[in-house]
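The values are calculated or read from the model by the stated rules, or taken from the named source; none is laboratory data. What you are looking at is a predicted structure, and each value in this text was computed from that prediction instead of being measured. As a convention, Cβ positions derive from the backbone with ideal geometry for all residues, glycine included, and neighbour counts pool all protein chains shown. Note: accessible area is taken over every heavy atom of the protein model, side chains too, but ligands, DNA and RNA are not part of it. Shrake-Rupley method; radii C 1.70, N 1.55, O 1.52, S 1.80 Å.
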Amino acid sequence: MNRLNQSLTPLESTQQALDFIHSDYLTSEQLALLNELTINGFRQHINPGFLEYRKSVTSGGGYAAVEWRATSLNTLADTRGNEYIDCLGGYGIFSVGHCNPTVVDAVEQQLHKQPLHSQELLDPLRALLAQTLAGLAPGELNYCFFGNSGTESVEAALKLAKVYQAPNGKFSFIATNGAFHGKSLGALSATAKPVFREPFQPLVPGFHHVDFGDIDDMRAKVAECAARGEGIAAIILEPIQGEGGVILPPDDYLPAVRALCDEIGALLILDEVQTGMGRTGKMFACEHYGVEPDILCLAKALGGGVMPISATIASKRIFSVLFDNPFLHTTTFGGNPMACAAALATINVLLRDDLAQQAKTKGEFLLRGLQECAKRYPQLIAEARGMGFLQALEFRDNETGYAFASEMFRRGVLVAGTLNNARTVRIEPPLTLTLEQCQQVLEHVEHVLAKLSSMVEHVSVTETSTSMLH
């Protein structure tokens, strides 16, 4: 393994990759080669912009950190042997930790039995997973469509709402400012950030956006649509906005939206791609507010950090519009045996270890510590907020947020900003993070904030001195 891919044939290149995959230990020479291959591959064949994006969290921008292995449920290591406490969790993927043995074992067993389904015979694990989710989901949500990603679960929800409401002449949707529902064309129409939307205009028509957490604004939009004879098929929301900056709504907001949907005959779609599967201290975030959606979207943590899988769950009343023609919306790989095995094992671990309650208890401990830090450094932090293990520090400006994430990386803790809110650094660890590790994270946060504070004070003193000289 001493040649770069540019000089290898495709056969030699794949063998080189397989050698890496089968290696438990790499020499320093092999690690250097893997680093070079990875960086060159991103620069020349994936997208060089990703390398620029990661410069804020690499050592002086001199190299890009390359993932190598999980070292425990809550830590991972790069190819240089640096170990990190994962407080990013793959943006919510690793709820049951990295390489959870129960999930890995289930996938390995299924891999050796049958990796993918025939598409003709009935696949049992899809049926078992759907039955399990029907028992887990709130209310009468008992029919499932399985996909591979969060955006696919949202696309399925939007199409389901459209076909259900078509006889009623309702085709429009209300979403919220700051929302993130995915980047495929339909989901992107519900997503609110202009930088993602503008290059792909015109998007799917009939989507309106209102301020998140403001029921009066939503009622005004409903009235505006009604005045021109435009029926609302569904309202789509994240119970807590994740990418938007970990924004929690007022306690009475979701119940008010549920009541509004009932009043106007609209469906309520709750996007729990990020908040579901125990993340906020209950299995689903909507349970905190006593609200049952008409359609529920899940993904990210559903596959246990081992396999990609999503689910769109609805009641029989709504889902039955697909009974006569189940091929109206399908996917080749959605609900495949290995993904379903991973999801079933993940749910088993979540329930067996009561990880939702762990997220609540340990999340409260971590959040208290972050809020105390916010009080000590008000010149840096505007707010520390969150629920369960979905938390955020909102800084006074983008530069401080970037500097914080970079310094935490250098101290071996992974955190990152959110896509819709650059000032906000998200803290979203595996639900398996221990109390001892929570304390370690808080100690690192304190150290970084003290360093940033002293830097700010030094700049302030320098600017004052310069001003006095002039």
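At a glance:
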{"quantity": "Highest to lowest packing among 297-303, 333-339, scored as the average C-beta count within 10 Å", "calculated": "297-303, 333-339"}
{"quantity": "Cβ-Cβ FRET estimate between N348 and L116, R0 fixed at 22 Å, reported to 0.05", "calculated": "0.50"}
{"quantity": "Overall dimensions of the range 330-457 as given by Cα atoms, namely Rg and Dmax in Å", "calculated": "17.3, 58"}
{"quantity": "Cross-link pairs K193/K375; K162/K316; K282/K375 - those with Cα-Cα distance over 20 Å", "calculated": "K193/K375; K282/K375"}
{"quantity": "Estimated FRET transfer efficiency when R0 is 45 angstrom, pair L8-A166 (beta carbons, to 0.05)", "calculated": "0.25"}
{"quantity": "The chain - mean residue ellipticity at 222 nm from DSSP helices (-39,500 (n - 2.57) per run, n ≥ 4, rounded to 500)", "calculated": "-13500 deg cm²/dmol"}
{"quantity": "Where GluC sites (Glu not before Pro) fall in DSSP loop in the range 252-339, at most 10 other Cβ within 10 Å", "calculated": "none"}
{"quantity": "Solvent-accessible heavy-atom area per residue, rounded to whole Å², over the range 265-340 at 1.4 Å", "calculated": "31 Å²"}
{"quantity": "Fraction of beta bridges assigned by DSSP in the chain that are antiparallel (%, nearest 5)", "calculated": "60 percent"}
{"quantity": "Segment S23-A226, length gained on full extension (0.36 nm per residue, minus Cα span)", "calculated": "66.8 nm"}
{"quantity": "Carbon plus sulfur fraction of accessible area for the range 295-387, probe 1.4 Å, in percent", "calculated": "56 percent"}
{"quantity": "Cα-Cα separations in the chain greater than 32 Å, expressed as whole percent", "calculated": "45 percent"}
{"quantity": "Hz values of 3J(HN,Hα) by residue in the range 86-93 - Karplus curve (6.51, -1.76, 1.60), Gly and Pro given as x", "calculated": "8, 10, 10, x, x, 6, x, 6"}
{"quantity": "Accessible surface of the range 188-281 [probe 1.4 Å, protein heavy atoms]: carbon and sulfur percent", "calculated": "54 percent"}
{"quantity": "The range 322-397 and the range 94-141: distance between their alpha carbon centers, rounded to Å", "calculated": "19 Å"}
{"quantity": "Exposure ranking of D294, D252, D105 by accessible area [1.4 Å probe, largest first]", "calculated": "D252, D105, D294"}
{"quantity": "For A65, residues with placed amide H under 5 Å, excluding near neighbours", "calculated": "none"}
{"quantity": "Over the range 351-397, relative contact order from alpha-carbon pairs under 8 Å, at least 6 apart, %", "calculated": "35 percent"}
{"quantity": "Rule-of-thumb Rg ratio for the range 241-388 [Cα; 2.2 N^0.38 Å; N residues]", "calculated": "1.23"}
{"quantity": "The chain - percent relative contact order, Cα under 8 Å, separation 6 or more", "calculated": "19 percent"}
